[in-house]
Amino acid sequence: MEFHLRFLLTNFIGVHAFFFFISLATAELPRLQHPTKVDGSLSFLVVGDWGRKGAYNQTQIARQMGKIGEKLKINFVVSTGDNFYDDGLKSINDPAFLNSFTKIYKAKSLQKPWYNVLGNHDYRGNVEAQLSPNFRSVDSRWLCMRSFVVNSEIAELFFVDTTPFVDKYFLRPKDHKYDWRGVLPRQHYLSNLLKDVDLALRNSAAKWKIVIGHHGIRSAGHHGDTKELVKQLLPILEANEVDLYINGHDHCLQHISSITSRIQFLTSGGGSKAWKGDFSANSHKGMRFYYDGQGFISVQLTPNDAIVAFYNIYGKVMHTLNLSKGLYSAV
């Protein structure tokens, strides 16, 4: 039986209030509604692999995000996961939440909803704590679920829990302990998730379909392609004409164009620690851009056009992707 939970998140900067309607139903991902701007456009920032209590230039990245967020008048922020290093959160009272999130992303423009997915490092902690809605009483911006949809009229963002797809976390965990509550039995969880994602994408009438997960499908970074996602998730994205797949996991900024579909693979995993020199730029024919440093990306959308910009730690635009329905260019 379907039911609806309505709750109000207030932007403390002014009188703006954001209403979200979560629909929880059998075989349906939770759905949240986020309005566009008055002119019908939408803009947001994407950052990943960031939660290090300000270290490894996390604070500097946050400062530049604040500047770009103000310039673009962003609607919200997306996190691609690995929100708290090294081993997620211990409990809802873990000071890492304040020290890695609230006290770091202090800019006025970043006092907007943050939509978060879990990364593999988050799964090494208390997952239920990080997913807890109780954190909204600490910082009302925070919203983290395993998989969900944000509908923003001209675009729908599909957040997918990718960590349970990766075999090595189950078969070769080394010294790491993962919190698999809510995931086991694994194959049942993954089967239902894939069906739910496929259904949500097939039912979408949005101009732009954007899928967000922690792990890369295509990547020339340290981790490379995630073979489990290539096999299981990618065919669903291609069949449903997804425009963008955005991930973290590799600590870099990256843009790869699919050579078999319309999908643009974007990596935004430079929110703090980066891996200099750890890449293979020739491993993908569709490679458009790779930066082995810290940074973040912005996405600006209108009904017919999209602009994605990649920024370094100084706020300099290093690469731009321009998309329109049927056409795209990258500079």
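The values are calculated or read from the model by the stated rules, or taken from the named source; none is laboratory data. These numbers were taken from a predicted model, which means no experiment stands behind them. All Cβ positions, glycine included, derive from the backbone under ideal geometry; neighbour counts span all protein chains shown. Just the protein is used for accessible areas: all its heavy atoms, side chains included, with ligands, DNA and RNA removed. Shrake-Rupley method; radii C 1.70, N 1.55, O 1.52, S 1.80 Å.
Remark: the stretch 206-321 carries a charge dipole of roughly 100 debye about the Cα centre, counting +1 on each Lys and Arg Cβ and -1 on each Asp and Glu Cβ. Shape analysis of the stretch 24-135 places it in the oblate category; the axes a ≥ b ≥ c from the Cα gyration tensor give an a/c of at least 1.5, with a/b not above b/c. Could you pull out the pairs from K37/K209; K37/K108; K207/K316; K106/K276; K37/K207; K103/K273 whose alpha carbons sit more than 23 Å apart here? The answer is K207/K316; K106/K276. With the convex hull of the Cα atoms taken as the outline of the chain, the averaged projected area works out to 15.5 nm². Projecting the Cα positions of V138, Y123, V150 onto the charge dipole of the stretch 99-171 (unit charges on Cβ atoms of Lys, Arg, Asp and Glu, taken about the Cα centre) puts V138 furthest along the positive direction. Hey, how many Å between the Cα centroid of the stretch 241-267 and the Cα centroid of the stretch 164-202? For the stretch 241-267 versus the stretch 164-202, the Cα centre distance is 21 Å. Stretching K168 away from K285 to a fully extended chain increases their span by 39.4 nm, per 0.36 nm per residue minus the current alpha-carbon distance.
Shape descriptor for the stretch 168-301: Rg over Rh equals 0.98 (Cα atoms; Rh from the Kirkwood inverse mean 1/r).
As a fraction of the 1.4 Å probe accessible area of the stretch 120-167, surface on carbon and sulfur atoms comes out at 42 percent.
Under 5 Å from the amide H of F289 lie the amide H atoms of H255, each residue being 5 or more positions distant or on a separate chain, with H modelled from the backbone and absent for Pro and chain starts.
Can you give the % of DSSP beta bridges in the chain that are antiparallel, to the nearest 5? If we restrict to bridges inside the chain, about 65 percent are antiparallel. With every protein chain in place and a 1.4 angstrom probe, the accessible-area ranking of K67, K37, K174, largest first, reads K174, K67, K37.
With springs connecting C-alpha atoms under 10 Å apart, model the chain as a Gaussian network and identify which of F159, F44, F170 has the largest mean-square fluctuation. Most flexible of the set in this elastic network: F170. Shape class of the stretch 167-238 from the alpha-carbon gyration tensor: oblate, with a/c at 1.5 or above and b/c at least as large as a/b. With the cut-off at under 18 Å, measuring from each backbone N in the stretch 129-173 to a point 7 Å along the Cα-to-Cβ line of Q187 picks out 164-172. At each listed q (0.08, 0.11 Å⁻¹), what is the log10 of I(q)/I(0) that the Debye formula gives for the stretch 95-253 modelled as equal alpha-carbon point scatterers? Relative scattering, expressed as log10 I(q)/I(0), comes to -0.25, -0.47. Amide H contacts of R31: S23, V149, each under 5 Å away and 5 or more positions distant or on a separate chain (H built 1.01 Å from N in the peptide plane; Pro and chain starts excluded). Taking every protein chain into account, the accessible area of the stretch 80-178 amounts to 37 square angstrom per residue (probe 1.4 Å). Taking other residues whose beta carbon is less than 15 angstrom from the beta carbon of S91, and scoring Lys, Arg as +1 and Asp, Glu as -1, yields -2.
The charge dipole of the chain, taken about its Cα centre with unit charges on the Cβ of Lys, Arg, Asp and Glu (plus for the first two, minus for the last two), comes to roughly 640 debye.
Ordering L199, G216, I246 by the projection of their Cα atoms onto the charge dipole of the stretch 181-268, which places +1 on the Cβ of Lys and Arg and -1 on the Cβ of Asp and Glu, puts L199 at the extreme positive end. Surface listing: H251, H284 arranged by accessible area from highest to lowest gives H284, H251, probe 1.4 Å. A Förster radius of 51 Å combined with the Cβ-Cβ distance from A239 to W275 puts the calculated FRET efficiency at roughly 0.95.
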